[in-house]
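One structure below.
The values are calculated or read from the model by the stated rules, or taken from the named source; none is laboratory data. Model, not experiment: these values are computed from the prediction. Don't worry about glycine lacking a Cβ; one is built from the backbone with ideal geometry, like all the others, and counts go over all protein chains shown.
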Amino acid sequence: MSLVRVQNFSISLDGFATGEGISVDAPFGHAGERLHEWMFATRFGRAMFGGDGGSDGVDNAFAERHESLGIGAEIMGRGKFSASTGPWTDLGTDDEWRGWWGDNPPFHTPVFVLTHHPRPSIEMEGGTVFHFVDASPQEALALAREAAGDRDVRLGGGATSIREFLAERLVDVAHLVVVPIVLGRGIRLWDGLEGLEADYDVEQVSSPSGVVHLTFTRRG
């Protein structure tokens with residue numbers, strides 16, 4: 001059976017995966033880009049935005065796995081796709097909103113967006129198709145696994161969605177990046193997950209950039 005993976009998911013020292021005040025112009029709220037600067041500095045991160053150079057150390061080795069692990073489908077919460085909640089007309093033009101990633105998003109697979117307001121699928125360039133489903137974690141995973149075939153399923157975030165899948169012990173491997181900043185407010189990953197470590201083997205790799213890469217691998 002395919003594995004469920006979390007990759008390159010950044011959190012602050014106090015466990016926040018995004019800041020407060022999310023909007024179209026500020027996808028991570030008051031956190032800005034600080035949670036992801038470690039990746040933007042890598043060779044992989046620079047190339048993703050059409051640039052050159054970048055670091056080639058441990059951070060780059062982890063970041064590159066985004067493209068190398070054989071992902072066949074993605075699941076994300078609505079908050080990763082859009083800043084709005086409720087009906088898709090909340091932002092006036094939100095019924096036309098196609099995500100923050102331009103015409104060719106970096107997923108290149110079917111993507112299942114969890115929402116209480118399903119809408120028609122959106123087909124993008126490069127093989128990305130956004131499907132909007134009102135589904136439990138188990139139901140969404142069944143859809144994603146069917147689409148992925150023998151490849152793995154990536155759980156892309158945000159924190160609320162990942163927390164729900166972790167609570168149900170549906171995540172096989174989770175790569176989390178602890179960034180040395182304190183956000184103080186926003187959306188936390190760890191709430192309600194007491195004792196999670198008992199079900200996972202945890203590996204830690206420190207980087208000269210100051211971040212710590214944690215890999216949770218489910219036992220058994």
Val182 meets each of (1) surrounded by fewer than 17 Cβ atoms within 10 Å (Cβ to Cβ); (2) part of a helix (DSSP H, G or I); (3) in contact with a Leu (Cβ under 6 Å, 6 or more places away or on another chain) with one exception, condition (2)
Quiz item: In this structure, is Ala147 closer than 24 Å to Ser82 by Cβ, modelled with pLDDT of 95 or more and surrounded by fewer than 21 Cβ atoms within 10 Å (Cβ to Cβ)?
Solution: yes
With the structure loaded, tell me whether Asp52 is of a type in the set (D, E, K, R) and free of Cβ contacts under 8 Å to residues at least 12 places away in the same chain or whether it fails that test.
yes
Cβ pairs under 6 Å, 6+ apart or interchain, first in the range 55-74 and within 18 Å of Phe112 (Cα to Cα), second basic (Lys, Arg), ordered by first then second residue, are Gly70/Arg151; Ile71/Arg154; Gly72/Arg151; Glu74/Arg154
- prompt: Hey, does the range 186-200 have a residue that's among the hydrophobic types (A, V, I, L, M, F, W, C), under 18 Å from the mean Cα position of the chain (by Cα), surrounded by 20 or more Cβ atoms within 10 Å (Cβ to Cβ) and closer than 25 Å to Leu13 by Cβ?
  reply: yes
Picked from the range 126-143 (must be free of Cβ contacts under 8 Å to residues at least 60 places away in the same chain and of a type in the set (Gly, Ala, Ser)), the residue nearest to Asp172 (Cα to Cα) is Ala142
Restricted to the range 1-14 and to residues being more than 15 Å from the chain's Cα centre (by Cα) and crowded, with 16+ Cβ neighbours inside 10 Å, the residue farthest from Lys80 (Cα to Cα) is Ser2
When you check Thr115 against the structure, is it polar (S, T, N, Q), touching a strand residue (DSSP E or B) at 6+ places or on another chain (Cβ under 6 Å) and within 24 Å of Ile22 (Cα to Cα), yes or no? yes
For helices (runs of 4 or more DSSP H) lying entirely in the range 18-121, having 1 or more residues that are farther than 24 Å from Val153 by Cβ and among the β-branched types (Val, Ile, Thr) picks out 58-63
Taking the range 144-172 and keeping only residues that are free of Cβ contacts under 8 Å to residues at least 40 places away in the same chain and more than 16 Å from the chain's Cα centre (by Cα), one is left with Glu146, Ala167, Glu168
